[in-house]
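This report refers to the structure that appears directly beneath it.
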Amino acid sequence: MIKAFTRSDGYIRSTVIDLEQLAELEARPLIWLDLVSPSHEELSAVEERLKIELPTRQESEEIEFSARFWEDDAGITINTYFLVKQPDKAHNETVSFALKDHFIVTIRFSDLRIFTEFSRKLVLNPSAFRDGAHVLSGILDLRVEVDADILEALSKEIVNIGRMDLKSFADSSKFLEYITSFEDINITIRENLTDKQRVLSSLLKSGKIPEDLKKEFSMMIKDVNSLIISANFNFERLDYLQNLFLNYLSVEQNKVIKIFTVMSVIFLPPTLIASIYGMNFRHLPELELPYGYPLALTLIVISAVLPLYIFKRKGWL
């Protein structure tokens, strides 16, 4: 799908166009061309009509920074991550920007809600977005705000997990699954923010960006830096929670081992007495006593109760 945003009579109008209507863009001031899951034919047609070189999907997925931001006489090309948050996981989608003259072309292969929100903002406030560079600034600014909201929500979830009673996690694997899930999401967020940090730094050094926008990019990079600090703090908090839970498990296991140890000590004297009187010797001093059997049972009971009394007095139970 190709969606064109053109300026006319002080207004910005959005229109879904096909390949045949690309030629009509030359007669209208184009400010933004949004390509959603474009075919090879659509990419080629846009490149030919607008005299612009667009990155392929394979090029946009490359991770080295030289392939994610480059500037030449024709303009600026950017491949950057956009975070897609789902209830239990998150992943990064690559979005490409090609800035040339007074318009910008975006290429994406998924329906990102942020573009719908920004397009509405663009149409309602056309005076704030004079050209493609301002559109780029607006999209990145909105993206940073959304990333901040996602990171804030994640931080609150981590805090809520930390406030929960560890005893409520009867299955230790459940708690560790929570920690692993949060770590995966936090890693994805930090990768996204680090990528934004490098892109914004490069835009600040670019000679093709107006000075008024450089001030906005400077504010954005400060926000991104603070978000990266928050993401790193989330890692520290998750490590703390994991260590706390593992220590809790160790204490609970020690309690179990302590109980078995105490029980073995308690039953050791009765076992010794029963073993003595269980020997098959012909002459035992108490063998002929009328009350020998009750006496042995009494000794067994006393030898079992006495350690319990001593342990309780010592505070070991």
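The values are calculated or read from the model by the stated rules, or taken from the named source; none is laboratory data. All values reported here derive from a predicted model rather than from experimental measurement. Cβ atoms come from the backbone with ideal geometry, glycine included; neighbour counts cover every protein chain shown.
For segment 176-221, the candidate set comprises residues that are among the acidic types (Asp, Glu) and without any contact (Cβ under 8 Å) to a residue 24 or more places away in the chain; within that set, the residue that is farthest from residue 156 (Cα to Cα) is 211.
Working only within segment 82-137, note down all residues that are surrounded by 15 or more Cβ atoms within 10 Å (Cβ to Cβ) and of a type in the set (Gly, Ala, Ser). Answer for segment 82-137, where residues must be surrounded by 15 or more Cβ atoms within 10 Å (Cβ to Cβ) and of a type in the set (Gly, Ala, Ser): 90, 96, 98, 119, 132, 133, 137. For the structure I just gave you, tell me whether residue 73 is assigned by TED's automatic domain parsing to the domain that holds residue 137, under 14 Å from residue 132 (Cα atoms) and not hydrophobic (A, V, I, L, M, F, W, C). In short, no.
Within segment 192-232, the set of residues being assigned to a helix (DSSP H, G or I) and of a type in the set (Ser, Thr, Tyr) comprises 194, 201, 202, 218, 226, 230. For residue 305, the conditions (1) in the same structural domain as residue 179 (by TED's automatic domain parsing); (2) hydrophobic (A, V, I, L, M, F, W, C); (3) assigned to a helix (DSSP H, G or I) are fulfilled apart from (1). Of the residues making up segment 131-167, those that are more than 24 Å from the chain's Cα centre (by Cα) and without any contact (Cβ under 8 Å) to a residue 24 or more places away in the chain number 2. For segment 270-288, give me each residue that is without any contact (Cβ under 8 Å) to a residue 12 or more places away in the chain, hydrophobic (A, V, I, L, M, F, W, C) and within 25 Å of residue 306 (Cα to Cα). Of everything in segment 270-288, those that are without any contact (Cβ under 8 Å) to a residue 12 or more places away in the chain, hydrophobic (A, V, I, L, M, F, W, C) and within 25 Å of residue 306 (Cα to Cα) turn out to be 276, 279. For first residues located in segment 88-109 and without any contact (Cβ under 8 Å) to a residue 40 or more places away in the chain, partners that are of a type in the set (Phe, Trp, Tyr) and lie 6+ apart or on another chain with Cβ distances below 6 Å form the pairs 93/82; 95/82.
Please specify each residue of segment 233-251 satisfying the condition of being among the hydrophobic types (A, V, I, L, M, F, W, C) and either over 17 Å from the mean Cα position of the chain (by Cα) or not in a helix (DSSP H, G or I) (or both). Across segment 233-251, the qualifying residues are 244, 245, 246, 249, 251.
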